[in-house]
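Written out below as structure tokens is the structure these notes cover.
The values are calculated or read from the model by the stated rules, or taken from the named source; none is laboratory data. If you're wondering where the values come from, they're calculated on a predicted model, not measured in any experiment. When we count neighbours, we look across all protein chains shown, and the Cβ atoms used for this are built from the backbone with ideal geometry, even at glycine.
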Ligand SMILES: [Zn+2]
């Protein structure tokens with residue numbers, strides 16, 4: 001299930017789609033988000049996909065990327081916050097602190113998709129906050 005495309009297809013609000021996404025995750029499914037990744041050196045932005053499951057986040061860049069594909073167990077996440085249109089995911093693996101900086105997707109196929117995409121990061125943050133806040137609760 002691609003979140004942004006699903007929102008665009010239904011024309012429903014992000015709140016409705018967040019509920020739907022959480023239901024999918026609760027049933028062991030995964031939700032895919034089109035995003036843009038911010039590389040630090042050189043400072044460039046490129047397309048990527050962030051997939052969310054009930055236990056992990058998977059970051060898959062398109063094209064060259066300083067991070068490469070990253071699988072982040074939810075238990076490794078230490079911080080999730082948005083600032084000036086950038087979603088910063090901070091996580092710790094093998095004792096080292098890492099960051100993923102994501103922006104809303106740039107490519108908008110249709111006006112409906114454009115509207116749907118404007119708050120992809122906000123929905124992503126809300127969904128991650130929800131699934132990390134209740135790791136085992138049903
Ligand atoms: Zn990158």
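Values for this structure:
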read-out: Checklist (1) modelled with pLDDT under 95; (2) closer than 14 Å to residue 125 by Cα applied to residue 40, failing item; value: (2)
read-out: Subset of segment 80-113 (residues that are outside any strand (DSSP E or B), surrounded by fewer than 14 Cβ atoms within 10 Å (Cβ to Cβ) and at pLDDT below 90); value: 84, 85, 94, 106, 107, 109, 110, 111
read-out: Of all residues making up segment 114-135, the number that are part of a helix (DSSP H, G or I) and at pLDDT 60 or above; value: 14
read-out: Scan of segment 17-58 for residues that are touching a residue at least 40 places away in the same chain (Cβ under 8 Å), in a strand (DSSP E or B) and more than 16 Å from the ligand (Cβ to nearest atom), ordered by number; value: 31, 52
read-out: Tally, over segment 59-84, of residues that are without any contact (Cβ under 8 Å) to a residue 24 or more places away in the chain and within 14 Å of the ligand (Cβ to nearest atom); value: 6
read-out: Test: residue in segment 8-15 that is modelled with pLDDT of 90 or more, in a helix (DSSP H, G or I) and under 17 Å from residue 123 (Cα atoms); value: no
read-out: Given (1) under 14 Å from the mean Cα position of the chain (by Cα); (2) surrounded by fewer than 13 Cβ atoms within 10 Å (Cβ to Cβ), index of the condition residue 51 fails; value: (2)
